Amino acid sequence: MLRLPFELDGTAPGTRARAGRLHTRHGEVETPVFMPVGTHATVKGLAVEALREAGSRILLANAYHLLLRPGPAVFERVGGIHRFMNWSGAVLTDSGGFQVFSLPKDRVVTEDGAVFKSYVDGSRVVLSPERSIATQLSIGSDIMMAMDECIPSTSDHAAAVAAMQRTHRWAARSLEARGEAAAALFGIVQGACFDDLRQESAAVIAGMPFDGFAIGGLAVGESKEERERCTALTSDLLPPGLPRYLMGVGLPIDLLEAVDRGVDMFDCTIPSMLARQGVAFTRVGRLDLFRGVYKLDDRPLDVACPCPACRGYTRAYLHHLTKTGEPLGWSLLSRHNLHFYHELMAAMRRHILAGTFASFRDEQRSVLVRQDEEHPAVISRPRRRRQGAQAMERFEVRVAERGFACVADRRSGEVMHAGLDPTMEARALYVEQSRLADRLRESDRPPLVVWDVGLGAAHNAMAALACCEGLAEEAGRPLHLVSFENDAAGLRLALRHAVRFPHLQCAAPNHLLRFGVWKSDRAACEWTLLEGDFLDRLAEAPAPDCVFYDPFSAKTDAALWTLGCFERIFAACAGAETELFTYSASTAARAAMLAAGFWVGPGAPTGSRPETTLALSPRAASGLPGRDRTLLDLRWLDRWRRSHAGFPADVPPDRRADVARRIEGHEQFSLG
């Protein structure tokens, strides 16, 4: 049965680029094509009429989210997603594999499928290949995706082999579950960034009777160079007569490079996500409408663009909407960005068919990465540099070998969240280890107060907020997150490079820096920033239930690792059931916590660190028999006695005997 006829209309000389046509049950789709992401059966903030006007012909929806709400029964009753959302074009549904991978906790992957807790009602959900396909059939999509196991692209070879082989078994089960249904089904090639695994996976998946193929497991941690290499390798291994889909990518320059490597289909949330930050893509490069240079600019975004944002509004007005956080601003910019993406795909198709794609590609490679400060037309008069701009020079953005970006202190060379993907470390070390989700599920309790000491690039803070918002109606306890940061220039710099920091691609961080407080409209959570010296400002915050202690090390922020500092924190926790988590496992830091009065134990390993540290207030320690927490024991105490670096920097030699008595006499070392 031919479910998705694909015609190849032409290829571009000197490149792998190709132009084709998909014949779906809801119309013809020309390729290369970009699919706007309508996760919940809607592209955020845009009616289907606006999508059609922008040039959209096929949308992506997600089976994971639609399984949980509104549920397959709704689609079966109304006759499918097209009627449900009043969309006459084609729809592709993702299987839910990536969303399962994205869950920070409360999920277990077995051979049967993924078991997780619903963010809608807290029920236990099993998403198997069979259930994924059944859900997609109920939704009524034109193109379904086989369920795969997605893991970080930076995973080791053994983990990549296991996930790839499970993906192959799930692919066969997905085909069997589809049966004789009319919907097309794509298989997904996995293998992380290992060439041998990509070759093996492509051979196995291409040997199955799928209607098209996706290149999965990319844009999840690898570098741009690795992604482009894996894309080219995998694309060359797939059958030329069937469509190729690169999942979750990306920026305009990423689309250009992937088309050059033989890819036909794309999806990504970037056009609307960056629109909410005031970012517009134009024919002369990217514009950041948040910048004050546009305040009096009465020109359209792009004089050659016919979209509503460019036809009816000036840059000055769009700047105003962006600065005031008005939804109309990001709605207009979303419409413009989608129009730009669709026009870019159409232009690539024209040049492929005309045989001029190679020259078009070379020209666009410089245009598509151009930032607005490089545009001669928007250079403003020199002005006195603000103190914040000077402070920002202290930091720089670095890209690790594994592809993730970090902020580094130029003076000391120290890197925030070095050695591990910062988002993953924030989840593992702080959100998961503190059992934040379980605490927020408690009912009839006062707000949970979390101190985020060392805001940095806001990885820990955004992980906490994502946990709270992800619980949706399940949370019974409000979250009050208080971030402390002596110099927020690191976050400001990261926001300038938000494309490299996916966790910042939302309104909250900008709003926090502008107003000092942000409140979610999706969950009961409030985020406060106390900028300045931590020891000067900690008295302004309510007593914490949990502390994410993540300043730079003693090499850079010496004052925050002293006995005096931990004594101040301990005093703030008096009477509270407080748990403190930190990446450091240094002997001096642990000694300072013990001498201050905390009960101290080893924390979860993370990245290259085999051990971190947790500290408990006496009230929190009183509940230890019922908790999965361990404490430093007499063996650690013996090692501490022999250590040459056993005291914090603010303890002079004449005070060491007193501090030693406090540590050795700590009640935790007398436990049997």
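The values are calculated or read from the model by the stated rules, or taken from the named source; none is laboratory data. The model shown is predicted, which means the values in this text are computed figures rather than measured ones. Heads up, the Cβs are rebuilt from the backbone with ideal geometry, glycines too, and the neighbour counts pull from every protein chain shown.
Go through the residues of segment 617-630 one by one and say whether even a single one is small (Gly, Ala, Ser), in contact with a Cys (Cβ under 8 Å, 6 or more places away or on another chain) and crowded, with 21+ Cβ neighbours inside 10 Å. Break it down into steps so the answer makes sense when it comes.
Filtering segment 617-630 for residues small (Gly, Ala, Ser) gives 617, 620-623, 626.
Adding the requirement that they be in contact with a Cys (Cβ under 8 Å, 6 or more places away or on another chain) leaves 617.
Still in the list and also crowded, with 21+ Cβ neighbours inside 10 Å: 617.
Among the residues of segment 617-630, at least one is small (Gly, Ala, Ser), in contact with a Cys (Cβ under 8 Å, 6 or more places away or on another chain) and crowded, with 21+ Cβ neighbours inside 10 Å, which makes the answer yes.
Cβ-Cβ under 6 Å, sequence separation 6+ or interchain: first residue in segment 169-195 and free of Cβ contacts under 8 Å to residues at least 40 places away in the same chain, partner exposed (fewer than 15 other Cβ atoms within 10 Å of the Cβ). Which pairs?
PHE194/HIS157
Looking at segment 48-107, which of its residues are acidic (Asp, Glu), modelled with pLDDT of 95 or more and out of contact with any Ser or Thr (no Cβ under 9 Å at 6 or more places or on another chain)?
Result: GLU49, GLU53.
When you look at VAL369, is it aliphatic (A, V, I, L, M) and either at pLDDT below 50 or part of a loop (DSSP other than H, G, I, E, B) (or both), yes or no?
For VAL369, the condition - aliphatic (A, V, I, L, M) and either at pLDDT below 50 or part of a loop (DSSP other than H, G, I, E, B) (or both) - is met.
ALA604: at pLDDT 95 or above, within 37 Å of the chain's Cα centre (by Cα), surrounded by 13 or more Cβ atoms within 10 Å (Cβ to Cβ) and among the small types (Gly, Ala, Ser), yes or no?
Numbers: at pLDDT 95 or above: no; within 37 Å of the chain's Cα centre (by Cα): yes; surrounded by 13 or more Cβ atoms within 10 Å (Cβ to Cβ): yes; among the small types (Gly, Ala, Ser): yes.
No; evaluated as a whole, the condition is false for this residue.
Of all residues being closer than 19 Å to ARG169 by Cα and under 26 Å from the mean Cα position of the chain (by Cα) in segment 116-130, which is modelled with the lowest pLDDT? Just the residue, please.
Out of the qualifying residues, it is VAL126.
Right, HIS40: surrounded by fewer than 16 Cβ atoms within 10 Å (Cβ to Cβ) and either more than 30 Å from LEU256 (Cα to Cα) or at pLDDT below 95 (or both) or not? Reasoning before the result, please.
Working: surrounded by fewer than 16 Cβ atoms within 10 Å (Cβ to Cβ): yes; either more than 30 Å from LEU256 (Cα to Cα) or at pLDDT below 95 (or both): yes.
In short, yes.
Which of the residues spanning segment 469-512 are over 19 Å from the mean Cα position of the chain (by Cα) and buried (at least 18 other Cβ atoms within 10 Å of the Cβ)? Steps first, please.
Step one: filter segment 469-512 for residues over 19 Å from the mean Cα position of the chain (by Cα), giving 473-489.
Selection gives ALA475, ARG477, LEU479, HIS480, LEU481, VAL482, SER483, PHE484, GLU485, ASN486, ALA488, ALA489.
Select from segment 68-81 the residues that are surrounded by fewer than 23 Cβ atoms within 10 Å (Cβ to Cβ) and either within 24 Å of TYR245 (Cα to Cα) or within 24 Å of the chain's Cα centre (by Cα) (or both) and list them in ascending order.
LEU68, ARG69, GLY80 - these are the residues of segment 68-81 that are surrounded by fewer than 23 Cβ atoms within 10 Å (Cβ to Cβ) and either within 24 Å of TYR245 (Cα to Cα) or within 24 Å of the chain's Cα centre (by Cα) (or both).
Is one or more of the residues making up segment 571-594 buried (at least 18 other Cβ atoms within 10 Å of the Cβ), more than 34 Å from the chain's Cα centre (by Cα), in a helix (DSSP H, G or I) and free of Cβ contacts under 8 Å to residues at least 60 places away in the same chain?
Yes, segment 571-594 contains a residue that is buried (at least 18 other Cβ atoms within 10 Å of the Cβ), more than 34 Å from the chain's Cα centre (by Cα), in a helix (DSSP H, G or I) and free of Cβ contacts under 8 Å to residues at least 60 places away in the same chain.
Would you confirm whether any residue within segment 262-274 is over 23 Å from THR31 (Cβ atoms) and surrounded by 21 or more Cβ atoms within 10 Å (Cβ to Cβ)?
Yes, segment 262-274 contains a residue that is over 23 Å from THR31 (Cβ atoms) and surrounded by 21 or more Cβ atoms within 10 Å (Cβ to Cβ).
Is it fair to say GLY10 is among the small types (Gly, Ala, Ser), surrounded by 18 or more Cβ atoms within 10 Å (Cβ to Cβ), at pLDDT 95 or above and farther than 30 Å from MET424 by Cα?
No, not satisfied.
Restricting to segment 247-267, name every residue that is closer than 22 Å to ASN62 by Cα and under 19 Å from the mean Cα position of the chain (by Cα).
Hits for segment 247-267 are MET247, GLY248, VAL249, GLY250, LEU251, PHE266, ASP267.
Quickly run through segment 212-246 and pick out the residues that are crowded, with 24+ Cβ neighbours inside 10 Å and under 15 Å from the mean Cα position of the chain (by Cα).
Within segment 212-246, GLY217, LEU218 qualify.
When you look at ALA437, is it touching a Cys at 6+ places or on another chain (Cβ under 8 Å), more than 18 Å from SER155 (Cβ to Cβ) and either at pLDDT below 85 or assigned to a loop (DSSP other than H, G, I, E, B) (or both), yes or no? Spell out the reasoning first.
Working: touching a Cys at 6+ places or on another chain (Cβ under 8 Å): yes; more than 18 Å from SER155 (Cβ to Cβ): yes; either at pLDDT below 85 or assigned to a loop (DSSP other than H, G, I, E, B) (or both): no.
No.
This table checks each residue for (1) of a type outside the set (A, V, I, L, M, F, W, C); (2) part of a loop (DSSP other than H, G, I, E, B); (3) touching a Phe, Trp or Tyr at 6+ places or on another chain (Cβ under 9 Å).
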{"residue": "LEU137", "(1), (2), (3)": "no, no, no"}
{"residue": "MET144", "(1), (2), (3)": "no, no, yes"}
{"residue": "ASP148", "(1), (2), (3)": "yes, yes, yes"}
{"residue": "SER153", "(1), (2), (3)": "yes, yes, no"}
{"residue": "ALA163", "(1), (2), (3)": "no, no, no"}
{"residue": "ARG166", "(1), (2), (3)": "yes, no, no"}
{"residue": "ARG169", "(1), (2), (3)": "yes, no, no"}
{"residue": "ARG173", "(1), (2), (3)": "yes, no, no"}
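Pick from GLY187, GLY191: which is at pLDDT 95 or above, outside any helix (DSSP H, G or I) and on the phi < 0 side of the Ramachandran plot?
GLY187
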